[in-house]
1. Could you grab the pairs with beta carbons closer than 7 Å, sequence gap of 6+ or different chains, first residue in the stretch 135-151 and farther than 13 Å from Leu39 by Cα, second one modelled with pLDDT under 95 and within 9 Å of the ligand (Cβ to nearest atom)?
2. Please go through the stretch 118-131 and give me each residue that is in contact with a Lys or Arg (Cβ under 9 Å, 6 or more places away or on another chain) and either in a loop (DSSP other than H, G, I, E, B) or within 12 Å of the ligand (Cβ to nearest atom) (or both), ordered by number.
3. Which residues, counting only those in the stretch 84-112, are in contact with a strand residue (DSSP E or B) (Cβ under 8 Å, 6 or more places away or on another chain) and near the ligand (Cβ under 9 Å from one of its atoms)?
4. If you take the residues of the stretch 132-163 that are of a type in the set (D, E, K, R) and within 13 Å of the ligand (Cβ to nearest atom), which of them is surrounded by the fewest Cβ atoms within 10 Å (Cβ to Cβ)?
5. Within the stretch 49-58, identify whether any single residue is more than 18 Å from the chain's Cα centre (by Cα) and within 16 Å of the ligand (Cβ to nearest atom), and answer yes or no.
6. Would you check if Ala114 is in a helix (DSSP H, G or I), touching a helix residue (DSSP H, G or I) at 6+ places or on another chain (Cβ under 8 Å), touching a residue at least 12 places away in the same chain (Cβ under 8 Å) and under 21 Å from Thr5 (Cβ atoms)?
Amino acid sequence: MRRLTLPRQTPRLVLRDFTRDDFDGILAYSSDPRVTRHLFFGPRDAERTAEYLDGLLASQRETPRSRFELAVVARDTGRVIGACDLSRIERGVFDLGYMLGTAHWGRGYATEIARSLAEAAFLELRAARVISTVDVANRASIRVLEKLGMRWEAVYRKHRRAKNRWWDCHLYVLPREVWETEQARRAADPDPRSAPEG
Ligand SMILES: CC(C)(COP(=O)(O)OP(=O)(O)OC[C@H]1O[C@@H](n2cnc3c(N)ncnc32)[C@H](O)[C@@H]1OP(=O)(O)O)[C@@H](O)C(=O)NCCC(=O)NCCS
C-alpha cells in the first residue's frame, strides 16, 4: 500500500501522528461525554486513554500501515484539539472519522479535516472509495459528510451493540469519480459560494 505523507497541513490545522506527549490532550477531549455521545466508545478515563494510546502508537509501526489515527493540532496555538482517522477496511476502501473538543466545534474544522483526509485517501493511498458510518442521531457529523460531497448509501439497523444499546447508523460513501468531478469543478470555479454542498 502507498504511504501517507505526514504531517498534513490544512489552512488552520496540522494533522500529524500522535506521540506519548499527547496524553493530556487526548484525555481532555475523549473523557468528555459530549464528545463521545455518538461514538461507540467512551468517555475514556486516564487508564483507558493510556491503553488506547499504546494501541495507537503500535499501529504507527505496522507495515503496511492500515490505520492513520492522527492528532488534530490548531496552528494558532500548537495545541491538540482532537483526532481524526483514515483506516483501510478493505482493498481501496478507507473509513473516515473525526472528533474535536467541544470548545472547537462550529468553526468548520471537521469539514477542513474531512476534505484533507479525503484528498490524502484519493491522491496518496489510491482509494477507490472513502466511507463513513455515523450514528443516525449525529446531525453535526452527517452535515460534515454532506458538505464533503459524500452520498448517503444505506442505513444499518442495529449496526453495532455498544454502551448497552443497539446503534442505527447511516453509511455515507464518496466514490473516487464523484470526488474527482468535484475537484475539477472547483478548479474551474474556485468561488466556494457556488459549491453545491449538501
Ligand atoms: C462532529 C464534529 C466533529 C463536527 O465538528 P465541527 O468542526 O463543529 O464541524 P463543522 O463546523 O465543520 O460542520 C458542522 C456542521 O454541522 C452543523 N450542525 C452542528 N450541529 C448540528 C445539529 N445539531 N443539527 C444539524 N446540523 C448541525 C453546523 O451548522 C455545520 O454545518 P454548516 O457549515 O452548514 O453550518 C464535532 O461535533 C464532534 O467532535 N463531535 C463529537 C465526535 C463525533 O461525533 N464525531 C463524528 C463521528 S462519525
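1. Pairs that qualify, where the first residue is farther than 13 Å from Leu39 by Cα and the partner is modelled with pLDDT under 95 and within 9 Å of the ligand (Cβ to nearest atom), are Arg143/Gly198; Glu146/Glu197; Glu146/Gly198; Lys147/Glu197; Lys147/Gly198.
2. Answer for the stretch 118-131, where residues must be in contact with a Lys or Arg (Cβ under 9 Å, 6 or more places away or on another chain) and either in a loop (DSSP other than H, G, I, E, B) or within 12 Å of the ligand (Cβ to nearest atom) (or both): Glu124, Leu125, Arg126, Ala127, Ala128.
3. Cys84, Leu96, Gly97, Tyr98, Met99, Leu100, Gly101, His104, Tyr109, Ala110, Glu112
4. Once the filter is applied, the top-ranked residue is Arg139.
5. yes
6. Yes, satisfied.
The values are calculated or read from the model by the stated rules, or taken from the named source; none is laboratory data. This structure is a prediction, so every number in the text was calculated from the model and none was measured. For neighbour counting, all protein chains shown are included, and Cβ atoms are generated from backbone atoms with ideal geometry for every residue, glycine included.
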